[in-house]
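Novice: Quick one: this structure, given as C-alpha cells, is what I'll be asking you about.
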Amino acid sequence: MNSTRDPEAVARRRMPADVDAPDKVIYGLTFRQLAILAVAAVAFYGIYQGLHRLVPIEVLVGAGVVLAGLAFGLAVGRRDGLPLDVWLLHAVRHTRAPSALSATDVAAATAPGWVEQPPVKRRTPLPAPLRLPAAAIADDGQITLAGTHAAVVAATTVNLQLRTGDEQAALIDGFGRWLNSLNAPTQIVVSAQPVDLASHAAVLADATHRQPHPALAAACADHAAFLADLAVRRDPLRRQVLVVTASTGAEPGTAARRRAEDTVRQLSGLGVTGRALDGPDLTAALAAAADPYRPPRPGGIAAPHTVITGPQPGRHRRHP
C-alpha cells in the first residue's frame, strides 16, 4: 500500500446549494405546500356540500379539477426564484402600495406644492413617507440603523483553480474558521456590475498623441481600439464583494467599525485584499448597489451632510 499522500488529492464533499430550503414533510412537499393543498381541499369540500343538490355532479367535478390544478400550481410553482404564493402576495402588496415616496412627511389632508394637480377634479394620490433602514452615514463609514450600527468592507476574490490541492484545503479551512469566529450578524454581498469600457477607450485614445515614443503611441491606440471593440461586442462585468459587519444594541457605537477592521485583518490571511469603507466610498457603494446601471459621475458621489461648493464668481482670470 502506498502511504505517500498526493498533494493534489483533496477530500471533496458535496454541499447543497439550497441550505435554506424548507424541509420536506411528505411526498416531497413542504408544510407550506401541504397547507395550501389542504385549504383548497377543504374549500372544495365546502362548495360540494353546499351545491351538490343544486348543481350537477359533472359540473362540480369539472370545477374541482380546475380548482385542484390551480391549487397545485400555486403550491409547487415558482416565479423569479420565489414560491408562487409568496410572489403573488408581493405583487398584491406592490399594487396597493403608493407609487411615489417622499423624504418629507406629507400630510394626507393637503397636497404639497410640488405635487402636480390633475386637470380633472379627483382625489390626488399623495406620496407616502420614505422610510429607509439607514438613518445616517458617518465620516468613518458607520451606518446608523434602528438600534444598531453597521460597517462595510470591500474585498477582492480568490481564484482557487490556480492553487494546489493543499492550498485550496488551507484556504477553505481558514474561511471556515473565520465564519465560525463570527459572533455578530454578518452579510456577504456578491454582485456583478457593468464596466464602462467606452470611457476608458476614449481616455486612452486621447492620450495617444501625448506618448513620448511612436511605439508607445501605436500600442496605446491599439489597446484603445481593443477596448472600444470589446465594449461594442460584449457586456463586460466586474464582480464586487462587500462584507457587512454589524454590532448589537448593547455594544458601543464604534463596535461595527472595529469588526470591519478585524475582518480586513482576518481575510488578509486568505489572500483577500480588503479595506473598510469610509463615508464617501460607502455612499458610492450603496448608490451603485441601488442603481448598478447608472453611469458613474465624475468626481464620485458626495457623502451625506457634505458641503458642496463651486467656483466663486470673480475669481477667474481674464486673458486679453
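All of the numbers you see were taken from the coordinates with simple rules; none came from a lab. Computed from a predicted model, the values in this text were never measured in an experiment. Note that each Cβ is placed from the backbone with ideal geometry, even for glycine, and that neighbours are counted across all protein chains shown.
Novice: With each pseudo-label sitting 7 Å past Cα toward Cβ, what's the Phe175-Arg265 distance in nm, one decimal?
Specialist: 2.3
Novice: Could you run the Karplus curve 6.51 cos²θ - 1.76 cosθ + 1.60 with θ = phi - 60° over the stretch 274-287 and give me ³J(HN,Hα) per residue in whole Hz, x for Gly and Pro?
Specialist: Per residue, the Karplus-derived 3J(HN,Hα) values read x, 8, 6, 6, 8, x, x, 5, 5, 4, 5, 5, 5, 5 Hz.
Novice: Would you kindly derive the ³J(HN,Hα) couplings of the stretch 193-204 from the backbone phi angles with the Karplus curve 6.51 cos²θ - 1.76 cosθ + 1.60 (θ = phi - 60°), listing them in order in whole Hz, with x for Gly and Pro?
Specialist: Residue by residue, the stretch 193-204 yields 10, x, 10, 8, 7, 5, 5, 5, 5, 5, 5, 5 Hz.
Novice: 5 Å is the cut-off here: which amide hydrogens, built 1.01 Å from N in the peptide plane, fall below it relative to His149, excluding neighbours closer than 5 in sequence?
Specialist: Ser247
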